[in-house]
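Comments concern the structure below.
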Amino acid sequence: MASRARREQPPEAVATHARIPMSEPELEAFYRGVFLPLVRRATWKHGLSKEDASDIVQDAFLLALSKLDSAGNPKAWLVQVVDHLALNLQRKSARRTQLGHRWGLGDGIGESSEDSELGIGD
Amino acid sequence: MISQMSFGALVQNWVAATKGRNVPTGLSVEDAMSRARNVLGRLEQSGAEAGPVEAQTVDVLYAMCRCLERGTFALETLKVAYDLAASLQWPEDEFCERDQLLARLAYLAWNNCRLGPDCRAMRQWQSRCISSVTNQEIYRNFLAMTFATRSPSLNAQFLAEPPVLLTACSTLAKTCNTQPALAVHEAVLMYEWLTSQLNTSSVSEEIRYFAGDVAYYAAACFRHLGRFRAHDSWLDLAQAHFANTSYAEPLLARVKWCRLVALYDLHRSNEILGEIPSLTATFRRCGMEVDELKSIFLEASALKFVGRRSEALQRFEVVRSASATAADPLLLGMTVLALGELAGQFGEPERALGILQEALPYLQESGSPVGLGGMHSVTAEVLRNEGQLDAAAREYGKATEVYRAAGLSFQEAYMRVLRSDTLLASGRDDEAVEELAAALPVIAREGAMVDSVAALALLKESLRRKRADPRAIARLRESLASMRREI
């Protein structure tokens, strides 16, 4: 499955947190402790490729910039969002395959340009 | 903790730092699967090797799970894979990946034992699976919600994971003893969900097992609630599902045991004594140690009921002294309770009361209202037989409160009638009337008693005059005892 285009982050969302640069060890820790586990979840639980899983996790982080409630459980929130995005992607893929078979087009009938619906509230 | 920064700040930094960059994601699925197959081959030959967990190792473990789920492997291979995952040194595991993997591997081992069959090992793997599932907050939160309060998509998402389904069914097994009035609703809804999956699931044999299991606990709940016709219907459903599983014998033996318990509850002990020895032998042959002990307990209870007290005592002692009983507070508590009751019947009231006090902490730990209420009820009977009427009335009151809190309306009403009878005998007429006034609406709600219409009318008249008629109470007491046969 081809990688999906990365969504540009809306400039107003950046202002929600005053950005203090992360050190390399902090980035590495985030990579190993948050990014990779979420990618593995999307891959092994939802049957996605690593590329698609990575895109979904980055999309989840973008959503977190504007929707994450820091008073709650951010990791549980991210897990829920990753699960929803992965299921949406699977449904899209299934519809695409179904339509492809119906019209005799084999694998894939081109990328959809629409953003996936998240389907969850704030 | 990854950093002193807030999580939101961490995410913002990450997004900025990785913008436009391809971030490495570890092994591809294909590479991980290839390595997993190699690892499984080595595990089968040389066993698990512990060491630190690298990111690639986690991918290989996931791939190994996928290989094991898609193939047929010996229990020994599953055990070695589990031991490997369990023995690895995991660093910070904020997303509980270790428990996720262990839950999946334990489930595979449990299912292998179920089909094996190896009932003893099945219990151990079930316990490990449940432990790993409940270590994860996301599943604890899910299981803490009742079925009805979860959205259909939430149920579909979580219950589609076999370890979670196994844990949910095991939770039902506990709550059917501790909160039967609530558990029965859970069981019915779960059963409907499971049977809706039968035509769509590729693992219909497993779904049949779980559907049978849930139907079995629904039956047990109905039995606790005194609804014996519903109990029989649900047990028939359980039997039908179990009969279509790969190894039905131990499951059908459980169903038979449940039917015999219902006959015992209906005071038909003579009908079950001939059946129990072969059932006990079946449990023993299948390695179902706890079920074997419960079967012996049932036999002992039936013997006690028909007056064969010495034989009953011998069997209760067998159950009490078994090591598996010590690990089961409900079975231990009920056994000690029965021994206390027997001591009372042997004419040793002080010894009986001492033994009954021994049963209390076990029954409290079990949380079973049937056990706790039964303990207070038996204590009340011993005290009443010794002429300690006020103390007996207090114990009947405790039993009433236990049954009322658990929603066991029939048992509550019966205790109120017994308490009323005791209060009347001790000259506390006004309180006897009050107790009856509380019992009668419950009795009326639970069902009509054709042969007690006169007794009910007399009691209502007594209440109107604020006097309790002992003959009417006695007649009502007999009617309540026989009413259970009709429900």
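The values are calculated or read from the model by the stated rules, or taken from the named source; none is laboratory data. The structure presented is a predicted model; accordingly, all values stated were derived computationally and were not measured. Because the Cβ atoms are built from the backbone with ideal geometry, glycine has one as well, and the counts that use them run over all protein chains shown.
Here is how the numbers come out for the structure above:
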{"item": "Residues satisfying the stated conditions in the range B:62-102, i.e. farther than 23 Å from B:V203 by Cα, within 14 Å of chain A (Cβ to nearest Cβ) and not acidic (D, E)", "result": "B:A85, B:W90, B:P91, B:F95, B:C96, B:R98"}
{"item": "One residue from B:A48, B:A55 being surrounded by 13 or more Cβ atoms within 10 Å (Cβ to Cβ), modelled with pLDDT under 90 and within 10 Å of chain A (Cβ to nearest Cβ)", "result": "B:A55"}
{"item": "Enumeration of residues in the range A:39-55 that are within 19 Å of B:A16 (Cβ to Cβ) and more than 7 Å from chain B (Cβ to nearest Cβ)", "result": "A:D55"}
{"item": "Any hit, the range B:314-323, residues being outside any helix (DSSP H, G or I) and at pLDDT 95 or above", "result": "yes"}
{"item": "Selection count where residues are closer than 25 Å to A:F35 by Cβ and hydroxyl-bearing (S, T, Y), scope the range B:96-134", "result": "1"}
{"item": "Which numbered condition A:S70 misses (of (1) within 25 Å of B:G8 (Cα to Cα); (2) modelled with pLDDT of 85 or more)", "result": "(2)"}
{"item": "Condition met for B:R42 (more than 26 Å from A:Q80 (Cβ to Cβ), loosely packed, with under 14 Cβ neighbours inside 10 Å and more than 11 Å from every other protein chain (Cβ to nearest Cβ))", "result": "yes"}
{"item": "Residue satisfying condition, being at pLDDT 95 or above, more than 7 Å from every other protein chain (Cβ to nearest Cβ) and assigned to a helix (DSSP H, G or I), within set A:A13, A:A60", "result": "A:A60"}
{"item": "Filter result (more than 7 Å from chain B (Cβ to nearest Cβ) and modelled with pLDDT under 80) within the range A:17-34", "result": "A:A18"}
{"item": "Residues within the range B:67-81 that are within 19 Å of A:K45 (Cβ to Cβ) and in contact (Cβ under 8 Å) with a residue 12 or more places away in the chain, tallied", "result": "4"}
{"item": "Some residue of the range B:428-439 being farther than 15 Å from B:G226 by Cβ, touching a Leu at 6+ places or on another chain (Cβ under 8 Å), surrounded by fewer than 24 Cβ atoms within 10 Å (Cβ to Cβ) and at pLDDT 95 or above", "result": "no"}
{"item": "Flag for A:A86 being in a helix (DSSP H, G or I) and either surrounded by 13 or more Cβ atoms within 10 Å (Cβ to Cβ) or within 12 Å of another protein chain (Cβ to nearest Cβ) (or both)", "result": "yes"}
{"item": "Output for the range A:35-50, where each listed residue is in a helix (DSSP H, G or I) and either at pLDDT 95 or above or buried (at least 22 other Cβ atoms within 10 Å of the Cβ) (or both)", "result": "A:F35, A:L36, A:P37, A:L38, A:V39, A:R40, A:R41, A:A42, A:T43, A:W44, A:K50"}
{"item": "Looking only at the range B:308-325, and only at residues there that are surrounded by fewer than 19 Cβ atoms within 10 Å (Cβ to Cβ) and polar (S, T, N, Q), the one that is nearest to the chain's Cα centre (by Cα)", "result": "B:S323"}
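Listed here are the residues, each with its yes/no results for (1) out of contact with any Pro (no Cβ under 9 Å at 6 or more places or on another chain); (2) touching a residue at least 12 places away in the same chain (Cβ under 8 Å).
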| site | (1), (2) |
| --- | --- |
| B:E386 | no, yes |
| B:D390 | yes, yes |
| B:A399 | yes, yes |
| B:R404 | yes, no |
| B:M415 | yes, yes |
| B:T422 | yes, yes |
